[in-house]
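J.: Below: one structure in structure tokens.
The values are calculated or read from the model by the stated rules, or taken from the named source; none is laboratory data. This one's a predicted model, so the numbers in the text were calculated from it and none came from an experiment. Note that each Cβ is placed from the backbone with ideal geometry, even for glycine, and that neighbours are counted across all protein chains shown. The area values use the complete protein model at the heavy-atom level, side chains included, leaving out ligands, DNA and RNA. Shrake-Rupley method; radii C 1.70, N 1.55, O 1.52, S 1.80 Å.
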2 protein chains.
Amino acid sequence: MIELWELVGQSDRRYSTFSWRTRMALRHKQLAFTEQPVLQTDKAAIAFSGGRTVPVIRDSETVVRDSWQIAEYLEQTYPQGPSLFGGSTGKALCLFFNTWVDRSVVPLAFRGLACDAILIQDPADQEHFRATIEKFTGGSPDSLKLEQPKTFERLRAALDPARATLKRQQFLGGSEPCYADYILFSVFQWARIVSPVSILPADDPLQVWFERILALHDGYARNTLAFY
Amino acid sequence: MIELWELVGQSDRRYSTFSWRTRMALRHKQLAFTEQPVLQTDKAAIAFSGGRTVPVIRDSETVVRDSWQIAEYLEQTYPQGPSLFGGSTGKALCLFFNTWVDRSVVPLAFRGLACDAILIQDPADQEHFRATIEKFTGGSPDSLKLEQPKTFERLRAALDPARATLKRQQFLGGSEPCYADYILFSVFQWARIVSPVSILPADDPLQVWFERILALHDGYARNTLAFY
């Protein structure tokens, strides 16, 4: 059975953006797995991976870290399951998509919701998380909270190419979800786990698509502790 | 033989961004075609297409307009040639990429180079092009020229996800070019046809990739009248 290391907050909230990419990839591939929750400050728990970040998976003797590398590993190791990339061109374009999300979407989502996300951190992680916020945004939770509506506006604008695409097809992968769907999904999933404030209006095509992903794999992603 | 309608400027410059996507798609598919140059103001020449923009292609009895729809048509009609999308997932992700380029890259490139592009327009098109500039940028060629270095800076920053991706693979399509490569290529190809000012430094991974596309299909895209 595959083991997945991921972050945990108060009340057992499983909020890690990047681990959600791996969770959804594992479900997509119809692979069984168990979760190993770790704190952000407990680097010793994942030292065996050679890195300092989750997700990490262990599949028998094989340890893989980094959500992109895990997706590549799963696609290659389990070709019999539904494809994550739909071939080499799909995989190459997914890498672009991954980069776009990580550079154009994640930083704005973090800036918008870090002020709420700190409130659900385990007490042992709060100091560390505050320093992370300062490092990545140059602001404090209080100053970011004041900016929140404006940051959400920027975030919604940055999402424009994805919104326009999802007006024309059900999933980023077309008529079926692919790994790109899980990449963008992970950001909104993080959002609903760490904050009661929603980013998108209900009639936004992105919100409609998000609900579609929540319903996949027997409503798997919906069934985690979240605010909405 | 397929016919392609595209724009023409002074000295027979074939500068249309969107027609370059079609040109490269046709070459990729190893299809022979002839070009029909038209002026921007000569809407009558393409009225048969039902639209007011190039590219338009006529393939025997079939007329198709809009670069994306033409790519879809070619892929479907000529499955025996090299694939433009590499399957349905690749096509779906290409649609996202097309949207990203058209919304995040094209407007900045136009803002940056419209002031030079007006100089190579056919005299009959200059008034029309000036109005287009005003409409899309809110500025005049002179005011845009003053902003040019700053606009290029914004453009280079907007291109960051593509640059980071091309540090990791030869083409956006992976080890081989796909239609996504031609989509982004078309912007830089337009740039080198309409202006002597280059946007990217020679060692930018995007410039290295651009040269790689110029060399494809026996240097096809290089052999058009351009400034560099």
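J.: Can you tell me which residue is farthest from B:ILE120 (Cα to Cα) among those in segment B:2-43 that are surrounded by fewer than 21 Cβ atoms within 10 Å (Cβ to Cβ) and of a type in the set (S, T, N, Q)?
T.: Looking at the filtered set, the residue picked out is B:GLN30.
J.: May I pose another question? Is one or more of the residues making up segment B:123-136 in a helix (DSSP H, G or I) and within 14 Å of chain A (Cβ to nearest Cβ)? Give the derivation first.
T.: Step one: list which residues in segment B:123-136 are in a helix (DSSP H, G or I), which gives B:123-136.
Next, only the ones that are within 14 Å of chain A (Cβ to nearest Cβ) stay: none.
Scanning segment B:123-136 turns up no residue that is in a helix (DSSP H, G or I) and within 14 Å of chain A (Cβ to nearest Cβ).
J.: Let me ask you something else. I'm trying to understand the selection: among the residues of segment A:186-228, which are crowded, with 16+ Cβ neighbours inside 10 Å and in contact with a Ser or Thr (Cβ under 7 Å, 6 or more places away or on another chain)?
T.: Answer for segment A:186-228, where residues must be crowded, with 16+ Cβ neighbours inside 10 Å and in contact with a Ser or Thr (Cβ under 7 Å, 6 or more places away or on another chain): A:SER186, A:VAL187, A:TRP190, A:ILE193.
J.: If the requirement is being free of Cβ contacts under 8 Å to residues at least 12 places away in the same chain, assigned to a helix (DSSP H, G or I) and open to solvent by 20 Å² or more (accessible area, probe 1.4 Å), which of these qualifies: B:LYS145, B:LYS150?
T.: Step by step, each of B:LYS145, B:LYS150 is checked, and only B:LYS150 is free of Cβ contacts under 8 Å to residues at least 12 places away in the same chain, assigned to a helix (DSSP H, G or I) and open to solvent by 20 Å² or more (accessible area, probe 1.4 Å).
J.: How many residues does segment B:46-94 contain that are over 30 Å from B:HIS128 (Cβ atoms) and within 13 Å of chain A (Cβ to nearest Cβ)?
T.: So the answer is 14.
J.: Among the numbered criteria (1) within 21 Å of the chain's Cα centre (by Cα); (2) within 14 Å of chain A (Cβ to nearest Cβ); (3) open to solvent by 10 Å² or more (accessible area, probe 1.4 Å), which one does B:ILE183 miss?
T.: Looking at each condition in turn, B:ILE183 falls short on (3).
J.: Also: When the residues of segment B:162-173 are filtered to those that are touching a residue at least 12 places away in the same chain (Cβ under 8 Å) and open to solvent by 10 Å² or more (accessible area, probe 1.4 Å), which remaining residue is nearest to B:TRP68 (Cα to Cα)?
T.: Only one residue fits best here, namely B:PHE171.
J.: Only one of (1) under 27 Å from B:SER11 (Cα atoms); (2) among the acidic types (Asp, Glu); (3) surrounded by fewer than 19 Cβ atoms within 10 Å (Cβ to Cβ) is not met by B:ASP125, so which one is it?
T.: (3)
J.: How many residues does segment B:208-228 contain that are at positive phi and in contact (Cβ under 8 Å) with a residue 40 or more places away in the chain?
T.: So the count comes out to 1.
J.: Yes or no: B:TYR73 in contact with a Lys or Arg (Cβ under 6 Å, 6 or more places away or on another chain) and hydroxyl-bearing (Ser, Thr, Tyr)?
T.: In short, no.
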